[in-house]
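Here's the structure we're looking at; comments come further down.
The values are calculated or read from the model by the stated rules, or taken from the named source; none is laboratory data. These numbers were taken from a predicted model, which means no experiment stands behind them. As a convention, Cβ positions derive from the backbone with ideal geometry for all residues, glycine included, and neighbour counts pool all protein chains shown.
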Amino acid sequence: MNRGLLQKAFRELWPATALFGIVIGLVEGVLAYVLPTFQEQLAAGWAQLRFAQTLIRAMVGTDTAGALGREMFFAIAWVHPVVVALTWAHAIVGATRVPAGEVDRGTMDVLLALPVSRWELFLSETAAWAGSGLAVLAFAWAGNLAGGLALPAGVRPDPSRVAIALVNLLFLYLAVGGIASLISCLSDRRGKAMAAVFVLVLASFLLNYLAQFWEPARRIRHLSLLTYHRPLLALRDGVWPILDLAVLGSLAAASWIAGGIVFARRDLSTV
Amino acid sequence: MSAIVLSSLSRSYGARRGIEDVDLEVPEGSLFGFLGPNGAGKTTTIRVMLGFLRPSRGSARLLGLDAWRETRRIKAEVGYLPGDLRLYPWLNGRDALRIFGAVRGRDLGPRGAELAEALDLDLGVKTRSMSRGMRQKLGIILALAHDPRLLILDEPTSGLDPLVQEQLRDRLRRLASSGRTVFFSSHALGEVESLCDRVAMVRAGRIVAAGTLEELRRRTGSEVTIRWREPGLASGLEPPPFLRIERRDGATWRGSLEGPVESFIAWLSGRPVADLTITRPDLEAVFRRYYEGERAGA
């Protein structure tokens with residue numbers, strides 16, 4: 001990794017990271033407080049709505065078996081569409097900067113004229129977006145803990161279990177970032193790269209939802225990224241989702257390596 | 001040793017033409033002008049040299065190293081100014097020197113500040129607020145600040161005012177005289193003529209001429225203008241094989257002399273010449289000759 005490239009990447013990423021971090025921290029804080037506080041009213045309302053139960057089952061990643069317990073409300077804070085959308089958006093914004101973003105804005109020639117190998121450049125940029133993702137999730141954790149502190153002592157989530165859910169979300173972030181990075185390496189237009197990743201994650205979201213009640217979707221459910229993000233298991237049972245982490249981690253690593261190979265071998269210059 | 005050696009270098013973009021069989025050698029310590037119209041292949045050649053593009057065929061070696069495989073080592077000793085320089089909008093000159101210095105592992109601050117003073121650039125201004133000329137100055141500073149052995153400049157004076165252009169030319173001359181190699185592409189023939197000791201001309205992706213200015217002038221021949229006493233007689237005359245007539249305008253012929261002056265004078269003697277001018281061609285004439293000749297031959 002190159003110190004100068006990290007400085008440059010940090011300078012570019014920190015405004016978006018601060019913005020996403022503050023927003024996701026606030027959202028997490030509100031959800032972590034509101035959902036358990038109004039648990040009974042929400043559970044009564046959702047019990048009347050079949051589609052709401054289906055949606056919640058799709059989001060939390062496991063069958064709630066009709067029990068809308070406290071852990072499930074804690075879990076919703078980690079799978080709420082706003083939280084997932086912010087996480088994915090940050091991963092897509094960060095991971096498509098190089099090379100698609102650099103080519104698109106015409107700064108690729110300046111960057112490539114520096115005495116660093118393409119792998120070094122790719123590694124430095126990856127460290128920057130992955131690190132900034134970690135920062136965004138740290139904001140989310142802080143928000144979640146702050147929201148939890150506002151709850152009565154007996155109903156607060158177990159911080160060690162929250163940490164497991166957070167790691168699961170981090171691996172989801174890395175998987176989306178890895179895919180975004182690969183698509184960026186194949187593209188010269190950042191807008192197109194971002195749109196392509198967005199379509200993929202949206203398809204993933206829809207597949208996960210449809211799989212709750214549609215057999216053909218259920219059969220290919222394993223293709224959805226959200227299948228491997230199941231915070232309820234962590235918060236309810238305190239179990240590390242090793243298999244989910246392995247799948248997401250492998251996907252992140254495979255797409256990152258493929259992206260690096262493409263980046264190192266392809267022609268690159270301002271278009 | 002040669003700073004740049006291109007051997008049968010080709011690069012195509014599918015159906016679109018890039019460069020074809022480019023052979024070029026740039027001696028170390030020379031000021032080398034790379035000339036050609038838009039789309040001729042100048043920037044493609046530079047991008048292959050810098051390892052941005054992989055050659056389709058042939059090889060490019062800079063400072064004895066392979067341009068694609070050893071590009072990192074090459075760039076440690078190369079300063080590059082792109083033709084269409086674009087910089088990060090949040091960057092100011094000081095940040096740029098700090099970040100580029102950190103990438104290169106050296107402190108570029110003092111040398112950068114000295115260059116900025118010479119070029120009259122405020123390093124505190126962000127590039128988003130800079131004019132094109134200011135950005136070009138910053139690009140030049142970033143290309144020169146690490147004191148490179150080889151400078152590759154794509155249209156370096158575009159956007160600069162005449163005084164700064166002259167300053168830059170002086171600096172490039174000094175660099176070349178201290179053993180650095182300067183390779184620059186340009187449209188400005190006068191600039192290349194006043195600055196370069198060697199040039200290459202590229203047209204439609206191929207090198208059409210390369211050498212010292214003197215060699216090219218010699219190859220091109222002197223410019224000749226003959227005014228005949230009688231227009232009617234001029235139309236009946238056939239020029240000798242060593243005189244290439246490019247324009248016949250009534251009683252006036254314009255062309256180039258491609259043989260010994262003595263033979264030309266001998267051929268003229270006894271013919272009704274009213275006026276005769278023989279001049280050494282300037283670079284513009286050489287350039288025109290190569291391009292018009294190629295076009296006629298195409």
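Answer yes if at least one residue in the stretch A:102-118 is within 14 Å of chain B (Cβ to nearest Cβ), out of contact with any helix residue (DSSP H, G or I) (no Cβ under 9 Å at 6 or more places or on another chain) and either under 21 Å from B:Leu87 (Cα atoms) or touching a residue at least 12 places away in the same chain (Cβ under 8 Å) (or both), and no otherwise. If you could, list the steps in order and put the result at the bottom.
Going through the stretch A:102-118, the residues within 14 Å of chain B (Cβ to nearest Cβ) turn out to be A:102-118.
Imposing the further condition that a residue be out of contact with any helix residue (DSSP H, G or I) (no Cβ under 9 Å at 6 or more places or on another chain) reduces the set to A:106.
Then drop every residue that is not either under 21 Å from B:Leu87 (Cα atoms) or touching a residue at least 12 places away in the same chain (Cβ under 8 Å) (or both), which leaves A:106.
Within the stretch A:102-118 (the criterion being within 14 Å of chain B (Cβ to nearest Cβ), out of contact with any helix residue (DSSP H, G or I) (no Cβ under 9 Å at 6 or more places or on another chain) and either under 21 Å from B:Leu87 (Cα atoms) or touching a residue at least 12 places away in the same chain (Cβ under 8 Å) (or both)), the answer is yes, since at least one residue qualifies.
Would you pick out the residues in the stretch B:11-36 that are within 13 Å of chain A (Cβ to nearest Cβ), small (Gly, Ala, Ser) and either farther than 30 Å from B:Ser194 by Cα or surrounded by fewer than 16 Cβ atoms within 10 Å (Cβ to Cβ) (or both)?
Step one: of the stretch B:11-36, the residues within 13 Å of chain A (Cβ to nearest Cβ) are B:11-14, B:16, B:18.
Still in the running and small (Gly, Ala, Ser): B:12, B:14, B:18.
B:Ser12, B:Gly14, listed by residue number.
I'd like the residue in the stretch B:116-163 that is touching a helix residue (DSSP H, G or I) at 6+ places or on another chain (Cβ under 9 Å), of a type in the set (D, E, K, R) and over 27 Å from B:Ala76 (Cβ atoms) and, out of all such residues, is surrounded by the most Cβ atoms within 10 Å (Cβ to Cβ).
Selected residue: B:Lys126.
When the stretch B:37-53 is examined, which residues are found to be within 12 Å of chain A (Cβ to nearest Cβ) and on the phi > 0 side of the Ramachandran plot?
B:Gly51
Before we move on, is B:Leu63 buried (at least 22 other Cβ atoms within 10 Å of the Cβ) and of a type outside the set (Phe, Trp, Tyr)? Write out each step before concluding.
Details: buried (at least 22 other Cβ atoms within 10 Å of the Cβ): no; of a type outside the set (Phe, Trp, Tyr): yes.
It is false that B:Leu63 is buried (at least 22 other Cβ atoms within 10 Å of the Cβ) and of a type outside the set (Phe, Trp, Tyr).
Are any residues in the stretch B:54-66 assigned to a loop (DSSP other than H, G, I, E, B) and more than 12 Å from chain A (Cβ to nearest Cβ), and if so, which ones? Steps first, please.
Going residue by residue through the stretch B:54-66, those that are assigned to a loop (DSSP other than H, G, I, E, B) are B:54-56, B:63-64.
B:Leu63, B:Gly64 - these are the residues of the stretch B:54-66 that are assigned to a loop (DSSP other than H, G, I, E, B) and more than 12 Å from chain A (Cβ to nearest Cβ).
What is the residue count in the stretch B:247-293 for residues that are of a type in the set (Lys, Arg), in contact (Cβ under 8 Å) with a residue 24 or more places away in the chain, closer than 24 Å to B:Met201 by Cα and not in a strand (DSSP E or B)?
Residues of the stretch B:247-293 of a type in the set (Lys, Arg): B:247-248, B:254, B:271, B:280, B:288-289.
Right, trim to in contact (Cβ under 8 Å) with a residue 24 or more places away in the chain and you get B:254, B:271, B:280, B:289.
Now narrow it down to the ones that are closer than 24 Å to B:Met201 by Cα: B:254, B:280, B:289.
Next, only the ones that are not in a strand (DSSP E or B) stay: B:280, B:289.
Going through the stretch B:247-293 one residue at a time, the tally reaches 2.
Kindly indicate the residue of the stretch A:35-52 that is surrounded by fewer than 21 Cβ atoms within 10 Å (Cβ to Cβ) and touching a residue at least 12 places away in the same chain (Cβ under 8 Å) and also nearest to A:Ser124 (Cα to Cα) among those meeting that condition. Explain how you work it out, then say what you get.
First, pick out the residues of the stretch A:35-52 that are surrounded by fewer than 21 Cβ atoms within 10 Å (Cβ to Cβ): A:35, A:37-52.
When the remaining residues are screened for being touching a residue at least 12 places away in the same chain (Cβ under 8 Å), the result is A:35, A:37, A:39, A:42-43, A:46-47.
Values: A:Leu35: 39, A:Thr37: 43, A:Gln39: 44, A:Leu42: 45, A:Ala43: 46, A:Trp46: 46, A:Ala47: 49 Å.
Checked the stretch A:35-52; the qualifying residue nearest to A:Ser124 (Cα to Cα) is A:Leu35.
Considering only the stretch A:222-271, state which residues are among the acidic types (Asp, Glu), under 30 Å from A:Tyr209 (Cα atoms) and loosely packed, with under 14 Cβ neighbours inside 10 Å. Spell out the reasoning first.
Taking the stretch A:222-271 first, the residues among the acidic types (Asp, Glu) are A:237, A:244, A:267.
Subset that is under 30 Å from A:Tyr209 (Cα atoms): A:237, A:244.
Within the stretch A:222-271, just A:Asp237 meets the criteria.
Does any residue of the stretch B:42-53 turn out to be in a strand (DSSP E or B) and over 30 Å from B:Ser177 (Cβ atoms)?
No, because not a single residue in the stretch B:42-53 is in a strand (DSSP E or B) and over 30 Å from B:Ser177 (Cβ atoms).
Across the stretch A:119-150, what is the total count of residues that are more than 14 Å from chain B (Cβ to nearest Cβ) and among the acidic types (Asp, Glu)?
Final tally of qualifying residues: 0.
Can you go through B:Arg227, B:Arg244, B:Arg217 and tell me which one is surrounded by 15 or more Cβ atoms within 10 Å (Cβ to Cβ) and not assigned by TED's automatic domain parsing to the domain that holds B:Asp275?
Values: B:Arg227 fails: not assigned by TED's automatic domain parsing to the domain that holds B:Asp275; B:Arg244 fails: not assigned by TED's automatic domain parsing to the domain that holds B:Asp275.
The match here is B:Arg217.
Restricting to the stretch B:10-26, and then to whatever is of a type outside the set (D, E, K, R) and more than 18 Å from the chain's Cα centre (by Cα), can you tell me which residue is nearest to B:Leu62 (Cα to Cα)? Explain how you work it out, then say what you get.
Step one: list which residues in the stretch B:10-26 are of a type outside the set (D, E, K, R), which gives B:10, B:12-15, B:18-19, B:22, B:24, B:26.
From the residues that got through so far, the ones that are more than 18 Å from the chain's Cα centre (by Cα) too are B:10, B:12-15.
Numbers: B:Ser10: 16, B:Ser12: 21, B:Tyr13: 23, B:Gly14: 26, B:Ala15: 28 Å.
Here the residue is B:Ser10.
For (1) among the hydrophobic types (A, V, I, L, M, F, W, C); (2) farther than 19 Å from A:Pro159 by Cβ, each residue gets a yes or a no:
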{"position": "A:Leu225", "(1), (2)": "yes, yes"}
{"position": "A:Leu232", "(1), (2)": "yes, no"}
{"position": "A:Asp237", "(1), (2)": "no, no"}
{"position": "A:Pro241", "(1), (2)": "no, no"}
{"position": "A:Ala246", "(1), (2)": "yes, yes"}
{"position": "A:Gly249", "(1), (2)": "no, yes"}
{"position": "A:Ser255", "(1), (2)": "no, yes"}
{"position": "A:Gly259", "(1), (2)": "no, yes"}
{"position": "A:Phe263", "(1), (2)": "yes, yes"}
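Filter the stretch B:182-222 for residues that are over 24 Å from B:Val261 (Cα atoms), of a type in the set (Gly, Ala, Ser) and either outside any strand (DSSP E or B) or modelled with pLDDT under 90 (or both) and give the result. Full working, then the answer.
Taking the stretch B:182-222 first, the residues over 24 Å from B:Val261 (Cα atoms) are B:182-208, B:210.
Remaining after also requiring of a type in the set (Gly, Ala, Ser): B:185-186, B:188, B:190, B:194, B:200, B:204-205, B:210.
If the condition is that a residue be over 24 Å from B:Val261 (Cα atoms), of a type in the set (Gly, Ala, Ser) and either outside any strand (DSSP E or B) or modelled with pLDDT under 90 (or both), then B:Ser186, B:Ala188, B:Gly190, B:Ser194, B:Ala204, B:Gly205 are the ones that fit.
For A:Phe213, which of the numbered conditions (1) in a helix (DSSP H, G or I); (2) surrounded by fewer than 17 Cβ atoms within 10 Å (Cβ to Cβ); (3) aromatic (Phe, Trp, Tyr) fails to hold?
Only one criterion is unmet by A:Phe213, namely (1).
Anything in the stretch B:69-99 that is at the interface with chain A (Cβ under 7 Å from one of its Cβ atoms) and not β-branched (Val, Ile, Thr)? List them, or say none.
Initial filter on the stretch B:69-99 (at the interface with chain A (Cβ under 7 Å from one of its Cβ atoms)): B:72, B:75-76, B:80, B:82, B:84, B:86-88, B:90, B:99.
Across the stretch B:69-99, the qualifying residues are B:Arg72, B:Lys75, B:Ala76, B:Tyr80, B:Pro82, B:Asp84, B:Arg86, B:Leu87, B:Tyr88, B:Trp90.
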